[in-house]
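Student: Below are the structure tokens for one structure; questions will follow.
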Amino acid sequence: MKKDKTMQKTNFVKGAFIATFGIVITKILGILYVIPFHAIIGERGGALYGYAYTIYLVFMSLSSAGIPLAISKVISEYQTLGFYQAKKRAFIIGKKIAWILGMICFILLQLFAPILAKFILGDLTGGNTIQDICFVIRIISTAILIVPILSIYRGYFEGHRFMSPPSISQVIEQIVRVFVIVVGSFFVLKVFQLSLTTAVGVALFGATLGALVSYFYLVEKRYKNKKKFDEKIRPVNEPMITNQQIFRKIVIYAIPFILIDIFKSMYNYIDMVSVVKGLVLHAGFSTANAEVIMSMLSTWANKFNMIVLSISTGVIISLIPNLTKALVLNQYKEVNDKINQSLSMLLFFTVPMTIGLSFLSNSVWILFYGSSKYGPSVLSYYIFVGLITGVFTATISIIQVLKDYKTVFISLLIGVILKAILTTNLIIAFYQMGIAPYYGVITASIVGYFTSFMICLIVLHKKYHVNYEKFIQNFMDILCGCIIMIFLLFLLKFIIPMSSNNRVYHLFIVFLYTIVGSCIYFFYTYRMKTIKRIFGDKFNYLFKRKKKVK
């Protein structure tokens, strides 16, 4: 029988790469589809899509956000200890929890969609209607029936350190979703000439179909590799663990993850209920233009943030089972090293990516969406929200693994409170100072996330004696590499200018500047041995091997 290479266990670095690669591929697909999707539904359709998706993410946080990572942690813990029967029952209990929560959230969205729509728009007119928003909320709610169960299967695979199948399932899910979004919305709007609201509803239903196909893939994968999941690493006298104890453990592990996602969703929710009203009432924007800004924050510019965030998600997925194993075995030096390594890995990729996208914001926006009055300026600043969100998410996940739930809650709460207080006030302040008022919205998000991030770093250092010396050294090298990269790219502008309205020319610009910038950055970090310090000798060996081959 042919060996299934996707069912091989991975170490931390390899697992992080596999998880990150799968997530990045899905996000790239998520970026590419917006080019035709934006052309099909426009800014108003993008705002409508963003309203529904923001509500969906809040309820997804309630139904499944913490369960897969909790399952991954519980499965990894029981597998390490040799508690195989408890591990099997944890999987069954997790599926039941996900199904019940998913059903409850689905019913709530169906019933309260009109109230949510009214809360978003209030009495504003001139854009989307309450009936439009109500319709798309009810459509997207069908995904909540599938995604929670799907996430349990992903957590089960990841808990066994089988990282490839969950990554492949994410790619499958995104391919199906993108196909339905682009083809479905095109046929509804351009061929059958139905309403814009119907086209957006069909696009949102892609999330349900994508999740369903991905779910069947993982179910089949588990069935065909049942022996690998049942394999006993070491014989132990397994203690009696009740279903109630397993349920309590899953809930305790899940709640902080759920809180993380709820509070992160609250940032988007605060924007959804504040941005349009704030720009119209305090900054002189029309409802239509305010919805254009909102569509950029919730949908179009946010797509690029998802690429940056995918790096942190991949690192977290691999970090949790490895960090849990080190804690169970009382390997505290390993815990310290894993924390420093994970944060360094995260910044190694996300910092240059963020700075590069900000530098190329005009070309990137024109390439994907065409010319825009607000788009490039929104993207150039908003991309930094993706960076700080990713770093914060990784740090808060580390705190959660250490079971410091008080710090998790306090840091999240303080961040959201700051965001809620600052959003409208900064819109007014920036408008009065003559600065683009939507920069106030973005600044409020950065301040909220950065404050939460700093609280976590301080607690990790003072309470758990985490030493950041290696991390700081790596960060300084990363920052220097980025400064050199941007300086040389700035000089390149005088040779190959970036000003044009031709999308093909901007494709050339984005490609060229990305290749040049990447080469500069990787060369600098390789020469400074930053890559070796972060990824180890094996990764460094790949560079030397490629040189010998050449």
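Read-outs: derived from the displayed coordinates by stated rules, not from any lab. Here the structure is a predicted model, which means the values were calculated and not measured. Reconstructed Cβ throughout: ideal geometry from the backbone, glycine too, with neighbour counts over all protein chains shown.
Student: Rg over Rh of segment 372-427, using C-alpha atoms and the Kirkwood radius, what does it come to?
Tutor: Working: Rg = 14.8 Å, Rh = 13.3 Å.
That ratio equals 1.11.
Student: Still on this structure, please answer the following. State the Cα centre-to-centre distance between segment 490-538 and segment 253-299 in whole Å.
Tutor: 32 Å
Student: Taking neighbour Cβ counts within 10 Å as the exposure measure, how do S452, S377 sort from fewest upward? Let's see the in-between values first.
Tutor: On the way: S452 28, S377 17.
Fewest to most other Cβ atoms nearby, the residues stand as S377, S452.
Student: Using the membrane-span-like helix rule (whole DSSP H runs, Cα extent along the own axis of at least 30 Å, mean Kyte-Doolittle hydropathy at least -0.5), which helices of the chain qualify?
Tutor: Details: long enough: 84-121 (52 Å, 1.26); 196-224 (43 Å, 0.86); 243-282 (54 Å, 0.86); 302-328 (38 Å, 1.21); 332-359 (40 Å, 0.44); 375-401 (38 Å, 1.51); 405-432 (40 Å, 1.53); 438-464 (39 Å, 1.11); 469-495 (40 Å, 1.73); 503-527 (36 Å, 1.04).
Span-like helices, by this rule, are 84-121, 196-224, 243-282, 302-328, 332-359, 375-401, 405-432, 438-464, 469-495, 503-527.
Student: Same structure, new question: Give me the one-decimal nm value for the distance between modelled label points at I104 and S518, 7 Å along each residue's Cα-to-Cβ direction.
Tutor: Inter-label distance under the simple model: 4.5 nm.
Student: Moving to a separate point now. How large is Rg over Rh for segment 422-548, taking Rg from the Cα atoms and Rh as the Kirkwood inverse mean of 1/r across Cα pairs? Mind dumping the intermediate values first?
Tutor: Numbers: Rg = 20.5 Å, Rh = 18.6 Å.
When Rh is taken as the Kirkwood radius, the ratio is 1.10.
Student: Test of understanding: what is the full-extension gain from S499 to M240, defined as 0.36 nm times their sequence separation minus their Cα-Cα distance? Before the final figure, lay out each step's value.
Tutor: Working: separation 259, 0.36 × 259 = 93.24 nm, distance 6.91 nm.
Extra length from S499 to M240 when fully extended: 86.3 nm.
Student: With an 8 Å Cα cut-off and a minimum separation of 6 or more residues, compute the relative contact order for the chain in percent. Could the numbers behind the result be given before it?
Tutor: Values: 808 pairs, mean separation 104.7, N = 550.
The normalised contact order for the chain reaches 19 percent.
Student: While we're looking at this one, here's another question. Report the one residue of I168, Q131, F37 whose Cα lies farthest in the direction of the positive end of the charge dipole of the chain (charges on C-beta: Lys and Arg +1, Asp and Glu -1; origin at the Cα centre).
Tutor: Value: I168.
Student: Take the cross-link list K333/K463; K96/K226; K95/K249; K87/K227; K232/K333; K338/K470 and give me the ones stretching past 18 Å between alpha-carbons. Could you put the intermediate results ahead of the total?
Tutor: Working: K333/K463 15 Å; K96/K226 20 Å; K95/K249 14 Å; K87/K227 14 Å; K232/K333 28 Å; K338/K470 11 Å.
Result: K96/K226; K232/K333 exceed 18 Å.
Student: Kindly identify segment 65-107 as rounded, prolate or oblate by the Cα gyration tensor criterion: order the square roots of the eigenvalues as a ≥ b ≥ c, call it rounded if a/c is under 1.5, otherwise compare a/b with b/c, prolate if a/b is larger, else oblate.
Tutor: Values: a/c = 6.55, a/b = 2.29, b/c = 2.87.
Oblate, since a/c reaches 1.5 and b/c is not below a/b.
Student: Give the Kirkwood hydrodynamic radius (Å, one decimal) of segment 204-282, defined as one over the mean of 1/r across all pairs of different Cα atoms.
Tutor: Numbers: mean 1/r = 0.0560 Å⁻¹.
Taking the inverse mean of 1/r over all distinct Cα pairs, segment 204-282 comes out at 17.9 Å.
Student: Let me ask another. Between L413 and F179, what length comes free when the chain is fully extended (0.36 nm per residue of separation minus the Cα-Cα distance, one decimal in nm)?
Tutor: Numbers: separation 234, 0.36 × 234 = 84.24 nm, distance 3.81 nm.
Working it through step by step, the gained length comes to 80.4 nm.
Student: Here is a follow-up. I'd like the FRET efficiency for L491 and I458, computed as 1/(1 + (r/R0)^6) with the beta carbon distance as r and R0 of 45 Å, rounded to 0.05.
Tutor: The formula returns an efficiency of 0.70 here.
Student: Let me ask you something else. Averaging the inverse of every distinct alpha carbon separation and then flipping it gives the Kirkwood radius. What is it for segment 365-468, in angstrom units?
Tutor: Details: mean 1/r = 0.0661 Å⁻¹.
About 15.1 Å, per the Kirkwood formula over Cα pairs.
Student: In µm²/s, what is D for segment 109-244 at 37 °C and 0.692 mPa s, where D = kT/(6 pi eta Rh) by Stokes-Einstein and Rh is the Kirkwood radius from Cα pairs? Provide the component values of the computation, followed by the final result.
Tutor: Details: Rh = 17.8 Å.
Value of D from the Cα-based Kirkwood radius: 184 µm²/s.
Student: So what is the diffusion coefficient of the chain in µm² per second by Stokes-Einstein at 4 °C and 1.567 mPa s, using a Kirkwood Rh over Cα pairs? Write down the numbers at each step before the final one.
Tutor: Details: Rh = 24.4 Å.
Translational D for this selection: 53 µm²/s.
Student: I've got another one for you. At a 10 angstrom cut-off on C-beta neighbours, averaged per residue, how do the peptides 346-353, 480-487, 391-398 rank from highest to lowest?
Tutor: Details: 346-353: 22.6, 480-487: 17.5, 391-398: 24.4.
By packing density, highest mean first, the sequence is 391-398, 346-353, 480-487.
Student: List, largest first, the extents of the alpha carbons of segment 304-448 along their principal axes, each in whole Å.
Tutor: 56, 34, 18
Student: How far apart, in nm, are two points set 7 Å out from the Cα along the Cα-to-Cβ line at C480 and at F216?
Tutor: 5.5 nm
Student: Along its three principal axes, how long is segment 335-381 when you only count alpha carbons? Whole Å, largest extent first please.
Tutor: Principal extents (largest minus smallest coordinate, Cα): 48, 14, 14 Å.
Student: Mind jotting down the distance between the C-alpha centroids of segment 421-463 and segment 118-194, whole Å?
Tutor: 29 Å
Student: Hey, another quick one. Quick check on the exposure proxy: order S195, S151 from fewest to most C-beta atoms within 10 angstrom. Write out the running numbers ahead of the final one.
Tutor: Details: S195 12, S151 26.
The most exposed by this proxy come first: S195, S151.
Student: Here's another thing I want to ask about it. Using only the alpha-carbon atoms, what does segment 136-208 span along each of its principal axes? Please give whole angstrom values in decreasing order.
Tutor: 49, 21, 9
Student: Could you pull out the trypsin sites (Lys or Arg not before Pro) across segment 215-308 that fall in loop regions by DSSP (anything but H, G, I, E, B) with no more than 16 other Cβ atoms inside 10 Å? The partial results should precede the final answer.
Tutor: Details: sites: K221, R222, K224, K226, K227, K228, K232, R248, K249, K264, K277, K303; in loops: K232.
Sparse-neighbourhood loop trypsin sites (Lys or Arg not before Pro): K232.
Student: Also, quick follow-up: Given labels modelled 7 Å from the Cα in the Cβ direction, how far is it in nm from A288 to Y374?
Tutor: A separation of 1.3 nm, rounded to one decimal place.
Student: Now for a different question. Fully extended, how many nm does the chain gain between K403 and I252 (0.36 nm per residue separation, minus their Cα-Cα distance)? Intermediate results must be reported in sequence, preceding the final value.
Tutor: Values: separation 151, 0.36 × 151 = 54.36 nm, distance 0.90 nm.
Roughly 53.5 nm would be gained on extension.
Student: For segment 454-520, just run the numbers: alpha carbon Rg, then divide by 2.2 N^0.38 Å, N being how many residues it has.
Tutor: Details: Rg = 18.7 Å, N = 67, 2.2 N^0.38 = 10.9 Å.
Normalised by 2.2 N^0.38 Å, the Cα Rg of segment 454-520 equals 1.72.
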